[in-house]
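Below: the structure, in structure tokens.
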Amino acid sequence: HELLDMLHANLQGHVDTMAERVQQLDGIAIGTAQKVAADSGLPEYPTDLTKAEDHIRALSERYRDHGEKLRAAIDATDEAGDADTADILTAASRTVDKDLWFLESHLE
């Protein structure tokens, strides 16, 4: 589905940028499916959904949660004096908010 492809591409671009930033700060970006799933604060995605509207609702809930976490991370990195990381997170937050708006417009 084109909508899901767009959402994936938007997220993937920011994930790559964040992983690069972690490496620049001498961290190790571990992005295996197992590690990401284990450390995710997002609720598990339901596997019994069959209607597009139900998927859009589930995605909207997760995008809303992700946006809130990004904004908290922006505040934390800003307070730590890391303006570059805050800028990366701000760009991701703008995209997530825009995509959430787009998702929710499909529910109206």
Checklist entry - Do you know which residues across region 63-88 are touching a residue at least 24 places away in the same chain (Cβ under 8 Å) and either on the phi > 0 side of the Ramachandran plot or not acidic (D, E) (or both)? => result Y63, R64, H66, G67, K69, L70, T85, I88
Checklist entry - Are there any pairs, at least 6 apart or on different chains, whose C-beta atoms fall under 6 Å, with the first in region 14-34 and of a type in the set (S, T, Y) and the second assigned to a helix (DSSP H, G or I) and open to solvent by less than 50 Å² (accessible area, probe 1.4 Å), and if so, which? => result T17/I88
Item to check | Residues that are among the basic types (K, R) and closer than 23 Å to Q23 by Cα, drawn from region 55-93 | outcome: K69, R71
Item to check | Residues of region 21-35 satisfying the condition of being surrounded by 12 or more Cβ atoms within 10 Å (Cβ to Cβ) and not small (G, A, S) | outcome: R21, V22
Checklist entry - Tell me, which residue of region 83-108 that is within 14 Å of L11 (Cβ to Cβ) and open to solvent by 60 Å² or more (accessible area, probe 1.4 Å) is farthest from the chain's Cα centre (by Cα)? => result F102
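The values are calculated or read from the model by the stated rules, or taken from the named source; none is laboratory data. Note that this is a predicted model, so its numbers are computed, not measured. Because the Cβ atoms are built from the backbone with ideal geometry, glycine has one as well, and the counts that use them run over all protein chains shown. Quick note on the areas: whole protein, heavy atoms, side chains included, nothing else; ligands and nucleic acids left out. Shrake-Rupley method; radii C 1.70, N 1.55, O 1.52, S 1.80 Å.
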